[in-house]
Ligand SMILES: [Fe+2]
C-alpha cells in the first residue's frame, strides 16, 4: 500500500490564535491546528488516523504530516480537541499522545457517555473496556486556556448528542454541526441525533456576529469547486442552503429527514466508533496478539 501523502498546512486566519488546516482526502475531513502565537502552545482538532477497511491496515501518513509540521515549528501541543464521536474516520489522538512531548489531554464533550452507552454493547465492550479513556470531559460553555488565549466550548447537538464547537476569538470550529454554505448541513440520523436539535445548533451558530468564521469538519464539494473549510456567519446567513435567513424550522426538519432516509451507512462506521468511543484506542489484542475490528451483522428474516 502506498504511503498517504503528508497533509499540507495552510495558514488561514489572523486572529487571537493562528489556525492551520490540514485536509485528509480519503474521508474528506478537515483537521486543524490552533496555535497561540505568543507561547506556541497548540491544540489539534479532529485528527485522522488512516485506515483501510479492506486490508485492515492502519497507517499514520496523515498524522505524521501534522506531526512534522508541529515539530518543525516548535509548537507545544497541549490538547487534542474532538468535536464529537466521529462515525466516518478514526481519530489519531493516541498517535499524538504517544509521539509528542509533555502531557497531551484528549478532550471531548461530556455527553460522549451517551454514545458510549449506546455502542459499547454493540461491540461487546465490557465496563473495563470502557473505563476512563478521555482525559477531559468538557461541559457546555466551559472555558479553557491555550497559552494566553481563551477557548470556549459550545454544545451543538443534532448531528450527534455529544457534539461540541470550539470558539476561539472569532474562529469557531464547528465539526459537523454545519457544512459549507452550498452543502448546508450534515446528517442528523445517528443515534441520539435529530434534525430539530441540528436546526437549533445551526441557528445558534448563525446568531453569532457576522464576521465570525465557521470552520467545518468535512467538505464534499460539487465538481466545480475546490475543497474549502471556512465561511463567515454573514455569508452563511445569506447563502447556507439549509440554514439561510427565511428557511423555517419545519422546512429544515422536513428536508433533513427526507435526505437522511436515503443516505447510506458511512463506510467506516463500525471501525470508527469502536475506536473513537475509547479516545482513539484500538481494540485490545487477543491472546495471539491480533487486533480485530468488530462488525455486527444483520440478517434478513429468511435467515433467522
Ligand atoms: Fe461526524
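The relative contact order of segment 36-188, computed from alpha carbon pairs under 8 Å that lie at least 6 residues apart in sequence, is 21 percent. Build a GNM of the chain with springs between Cα atoms under 10 Å apart, and of 39, 284, 29 the one that fluctuates most is 284. With the helix formula -39500 (n - 2.57) applied to DSSP H stretches of n ≥ 4, the chain reaches a computed 222 nm mean residue ellipticity of -6500 deg cm²/dmol. Subtracting the Cα-Cα distance of residue 136 and residue 118 from 0.36 nm times their residue separation leaves 4.5 nm of extension gain. Between segment 203-248 and segment 154-200, the C-alpha centres lie 12 angstrom from each other. Computed over the chain with a Gaussian network model linking Cα atoms closer than 10 Å, the most mobile of 178, 253, 45 is 253. Based on Cα contacts under 8 Å between residues 6+ apart, segment 10-264 shows a relative contact order of 15 percent. Remark: 207, 21, 301, 59 ranked as 301, 207, 59, 21, counting other beta-carbon atoms within 10 Å and listing the fewest first. Across 157, 222, 191, mean-square fluctuation computed from a Gaussian network of the chain (C-alpha pairs under 10 Å connected) peaks at 222.
Starting from the Cα gyration tensor of segment 1-147, take the square roots of the eigenvalues, sort them a ≥ b ≥ c, and report rounded, prolate or oblate (rounded when a/c is under 1.5, otherwise prolate if a/b is larger than b/c, else oblate). Oblate is the answer for segment 1-147, as a/c is 1.5 or above yet b/c matches or exceeds a/b. Spin-label model, residue 220 to residue 38: label points 7 Å out along the Cα-to-beta-carbon direction sit 4.2 nm apart. From largest to smallest, the equivalent ellipsoid semi-axes obtained for the chain from the alpha-carbon gyration tensor read 28, 26, 18 Å.
Bear in mind that the values in this text are calculations on the coordinates, not laboratory data. Note that this is a predicted model, so its numbers are computed, not measured. Ideal geometry is used to build each Cβ from the backbone, glycine not excepted, and the neighbour counts take in all protein chains shown.
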